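FYI, it's all coordinate maths here, none of it is from the lab. Treat the numbers as computed from the prediction; the structure is a model and nothing was measured. With ideal geometry, Cβ positions are generated from the backbone for all residues, glycine too; neighbour counts draw on all protein chains shown.
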Amino acid sequence: MIINNEHIQDSNKSKHKEHSEGFDYLANRLAQKGHDVSKIVSKLSEFQVAIPSWALGAGGTRFGRFSFYGEPSNLEQKIEDVGILHSLTQTAGAVSLHIPWDIPSDYKAIKEKADALHIKFDAVNSNTFQDQKDAKETYKYGSLSNTSKAVREQAIQHNLDVINIGDKLGSKALTVWLADGSCFPGQNNFQTAFQNTQDSLIDIYKGLPDDWKMLVEYKPYEPNFYSTVIQDWGASLMLANGCGDKAYTLVDLGHHLPNSNIEQIVAILQLKGKLGGFHFNDSKYGDDDLTVGSIKPYALFLIFNELVYGMQNNSQNPDLAWMIDASHNVKDPLEDLIQSLEAIQEAYAKALLIDQDALKAAQANNDVVKCQEILQGAYRTDVRPLLEKARLSTGGAISPIDSYRSLNVRGQLIKERGKNTIATGL
Ligand SMILES: [Mn+2]
């Protein structure tokens, strides 16, 4: 299913008046405070977030998976789904593929399909957390860190294959997330596992094209529950530094222990020019993979404050690969992704409202109360009319969720694909 501009404009009709009134009121107030409203709107339009191919179907838990009707069953349909999200929100202009789930059978056709929907191929993700059919070696006890050289070599070759596939599609980054670790004390030698991982990553890094990045993701626990080899940003940064200039740390919001100060991690990595990628989600307890901004929207805003500061001040840090990394157990995946995209834009817009000069002055004067007032003043602003304006200016929906429902997108997808399709994923 492809949503054309006419459909979206039709669905916008009943909302123009309310949007205009809300926008004019907010734009006036912001202009009075010295904000350049059109600049903020164009920054929002430029901000694009990749959709992971594995988030388009229903996610499961250890206990089961409840399928969602009309799921995409092949890469072509996954790209169509991202196209739907992008048409409505105008902020999902990229897809992040997972290999081997998404190996194209016809590269040219897939590229043409993505081009037609204005979708770029963002970072490609390798998978060494599952055994593939016909694989010679097993990853049961780890991949890049494994004590067996043959297993490590298989995992290295897989990552090189992923780079090759991504290169044919125009990707410019490889994301490595390892499930490697141990479930019980004594199972692993920490030093050997870490060194093996470093050596393996260096071998992969050698196969990285010059204009590519390697993004090293970390996670404190799960699926291993005693230790993970790359458990935190420090381990990731050491490994990235051990590889070279094209290797960076990737921060996934859910991959921290409760109450970690993620905004501080983000700030310091940018200072060092080593923040390469970012995965959005939200959580209450662990890596819950919930809708972005659904649990801790203020924390998300504080993180965006640092990201905006970094984008404005840290030219030593590259442009980031932004991606949603979430799972949908009870919601329509596309609706959930629309809500996440909205939450990301909202946090970004609020962070853009922070008066950085005033904040700096208040910090210099140790005026702690003023510092808080500046941050919370921005946070408390209802910026949704700015998001609506940004979407409208490029042909998107004033309310993507309302349009998605009034256009009966899920119903159409079920009609086209049936009720029994199952998307690849976890
Ligand atoms: Mn992730």
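Values for this structure:
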quantity	calculated
Per DSSP, loop chymotrypsin sites (Phe, Trp or Tyr not before Pro) in segment 266-333 with at most 10 further Cβ within 10 Å	Tyr285
HN-Hα J in Hz across segment 189-196 - Karplus 6.51, -1.76, 1.60, θ = phi - 60°, x for Gly and Pro	8, 3, 5, 5, 4, 5, 5, 4
Per-pair calculated FRET efficiency, R0 = 22 Å: Tyr226 and Gln195 via Cβ, rounded to 0.05	0.70
Sparse-neighbourhood loop sites, trypsin sites (Lys or Arg not before Pro) in segment 61-158 - DSSP loop, at most 12 other Cβ within 10 angstrom	Arg62, Lys133, Lys136, Lys140
Highest-MSF residue in the chain out of Lys213, Lys43, Lys172 [GNM, Cα springs under 10 Å]	Lys43
Cα gyration tensor shape for segment 7-50, rounded if a/c is under 1.5, else prolate or oblate	oblate
Placed amide H near Ala247: partners under 5 Å, 5+ positions off or other chain	Met214
Separation of alpha-carbon centers, segment 257-316 and segment 34-55, rounded to whole Å	16 Å
Trypsin sites (Lys or Arg not before Pro) lying in DSSP loop within segment 330-426, provided at most 13 other Cβ fall within 10 Å	Arg380, Lys419
Reachable aspartates and glutamates from Lys108, criterion Cα separation under 14 angstrom, eight or more residues apart if same chain	Glu76, Asp167
Amide H within-cut-off set for Ala423, under 5 Å, with H built and near neighbours excluded	Ala58
Helix-derived mean residue ellipticity, 222 nm - over the chain, DSSP H n ≥ 4, -39500 (n - 2.57), to 500	-15000 deg cm²/dmol
Projected-area average for the chain over all orientations - Cα convex hull basis, square nanometres	21.0 nm²
Candidate lysines - alpha carbon under 23 Å from Lys113, same-chain residues fewer than 8 apart omitted	Lys78, Lys168, Lys172, Lys415
Centroid-to-centroid separation of segment 199-220 and segment 364-401 [C-alpha atoms, Å]	36 Å
Built amide H within the under 5 Å cut-off of His98, gap 5+	Ser53, Asn125
